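The values are calculated or read from the model by the stated rules, or taken from the named source; none is laboratory data. Quick caveat, the model's predicted, so the values are computed rather than measured. Ideal geometry is used to build each Cβ from the backbone, glycine not excepted, and the neighbour counts take in all protein chains shown. With ligands, DNA and RNA removed, areas are computed over all heavy atoms of the protein, side chains included. Shrake-Rupley method; radii C 1.70, N 1.55, O 1.52, S 1.80 Å.
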Amino acid sequence: MFLRRIARPLMMMAKVKETTGIVGLDVVPNAREVLIGLYSKTLEEIKAVPEDEAYRKAVETFTRHRLKVCQEEEDWETIENKLGCGQVEELIEEAQDELTLIGRMIEWNPWDVPEDYECEVIENDAPVPKHVPLHRPGPLPEEFYKTLAAIDTGSLKDVLPSSKEETPAVSSGETPAK
């Protein structure tokens with residue numbers, strides 16, 4: 001009896017998330033603590049990336065911001081609203097993915113390009129390797145060139161249709177002046 005009178009009102013006051021509404025994404029009851037742990041780990045692991053790299057700067061910036069919000073706020077709903085990046089469960093998945101990416105970036109080492117590395121430049125007339133797609137558009141229709149020439153010479157009305165059937169109807173509800 002005592003528990004029903006005291007505990008039930010207390011439980012009603014606490015916001016309990018029952019579902020994320022996303023298939024396959026379960027509710028994490030201690031999402032705030034999980035996020036704080038993931039963001040702290042992210043800030044530790046990103047230190048392996050050189051300080052002057054844009055990737056490191058971007059990850060540190062948004063991770064510090066998210067960590068600060070999680071540390072300042074107790075309520076999962078407030079965290080979601082302040083960050084504006086989805087549900088806390090989605091943020092957990094993003095943080096886990098970022099940790100995976102940090103490990104791969106460290107492995108791939110894209111910022112360590114050798115000094116003597118030369119990028120191959122393909123001139124317009126040089127043969128393009130088969131694996132490189134050609135991004136050359138086809139010829140434009142003849143009407144385009146006629147319209148362009150008419151605009152340049154000021155004779156655009158000669159190119160535009162003049163029959164009554166092709167004139168657009170008035171859509172404002174007003175009758176056209178005669």
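Applying 1/(1 + (r/R0)^6) with R0 = 35 Å to the Cβ-Cβ distance of Lys68 and Cys119, what FRET efficiency is obtained, to the nearest 0.05? Walk me through the intermediate numbers first.
Numbers: r = 40 Å, r/R0 = 1.15.
Efficiency, from the Cβ-Cβ distance: 0.30.
Over segment 57-152, what percent of the accessible surface lies on carbon and sulfur atoms, probe 1.4 Å?
Values: 3910 of 7480 Å².
On segment 57-152, the fraction of accessible area on carbon and sulfur atoms equals 52 percent.
Work out the charge dipole of segment 80-141 with +1 on the Cβ of Lys and Arg and -1 on the Cβ of Asp and Glu about the Cα centre, then indicate which of Leu99, Gly84, Asn109 is farthest towards its positive end.
So the residue we want is Gly84.
So which of Lys17/Lys68; Lys17/Lys57; Lys41/Lys130 end up more than 32 Å apart, counting from Cα to Cα? Provide the component values of the computation, followed by the final result.
On the way: Lys17/Lys68 22 Å; Lys17/Lys57 34 Å; Lys41/Lys130 44 Å.
Table pairs above 32 Å Cα-Cα are Lys17/Lys57; Lys41/Lys130.
Sorted by accessible area (1.4 Å probe), largest first, how do His131, His65 line up? Could you put the intermediate results ahead of the total?
Working: His131 155, His65 100 Å².
Descending accessible area places them as His131, His65.
Would you work out if segment 14-147 is rounded, prolate or oblate? Take a ≥ b ≥ c from the square roots of the eigenvalues of the alpha-carbon gyration tensor; rounded if a/c is under 1.5, else prolate when a/b is larger than b/c, oblate otherwise. Intermediate values should be presented prior to the final figure.
On the way: a/c = 3.22, a/b = 1.73, b/c = 1.86.
Here segment 14-147 falls in the oblate category.
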